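Notes to accompany the following structure.
Every number here is computed from the coordinates shown, using simple stated rules; none is lab data. Everything numeric in this text was worked out from a predicted model, so none of it was measured. Every residue, glycine as well, gets a Cβ built from its backbone with ideal geometry; the counts of neighbours run over all protein chains shown.
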Ligand SMILES: Nc1ncnc2c1ncn2[C@@H]1O[C@H](COP(=O)(O)OP(=O)(O)O)[C@@H](O)[C@H]1O
Ligand SMILES: [Mg+2]
């Protein structure tokens, strides 16, 4: 029988996230029947003390409601300025009550050199809240997200949402 204490341990030095991934993950499913429900959930998440150091991925087709969710979240965190969609700039920085917030939209991200050149690596290694739309376009560069939110539009205003915590911090956000 192998003694577990003598087995080599893998240490992922490239992980920019300071939050260790958890084995397995917890998943929740929700429905937001109206945009008001989306706003209410965003407000609930914003009230969580761990939000200020989370990395949240937002998945879903065009028009699913990713930017809308971010707008409600940022408003709930105290941002009054207009929240522009970062589709053309890839990243829009904000600040609310001492929390640095970085809103990414990787839809048009196609030059991996930009990851270094635009300082995105440093952003993900530093403190603050990071929100990423179209994270699949920066796969391989992004650290493990604390929380993965998947939004799917129904025929009406209803949005079907799955939430997946991938780190202890993500689990805290779902609790
Ligand atoms: N329940 C809902 N939650 C979020 N957005 C909704 C909802 N119902 C309707 N919408 C509308 O759907 C659109 C979503 O657009 P947007 O947030 O830009 O999508 P994405 O960023 O995913 O491309 C907005 O016009 C928003 O008002
Ligand atoms: Mg968007």
request  = Sort out for me the Cα centre separation of region 20-77 from region 119-175, rounded to whole Å.
outcome  = 8
request  = Measure nothing fancy, just the Cα-based angle from helix 35-46's long axis to the longest principal axis of the chain, in degrees from 0 to 90, nearest 10.
outcome  = 40
inquiry  = Rounding to the nearest 10 and keeping the result within 0 to 90°, find how far the Cα-based axis of helix 66-76 lies from the longest principal axis of the chain.
reply    = 80
Residue 155 versus residue 35: modelled label distance in nm, points set 7 Å from Cα along the beta carbon direction = 2.2
note = At q = 0.16 Å⁻¹, the log10 of I(q)/I(0) for the chain from a Debye sum over equal Cα scatterers comes to -0.95
request  = Only Cα pairs under 8 Å and at least 6 apart count here; give the relative contact order of the chain as a rounded whole percent.
outcome  = 35
query = Residues in region 58-93 near a label at residue 114, defined as backbone nitrogen under 16 Å from the 7 Å Cα→Cβ point?
reply = 85-93
message = At 0.36 nm per residue, and after removing the present C-alpha to C-alpha distance, how many nm does the segment from residue 82 to residue 47 gain when stretched out fully?
response = 10.5 nm
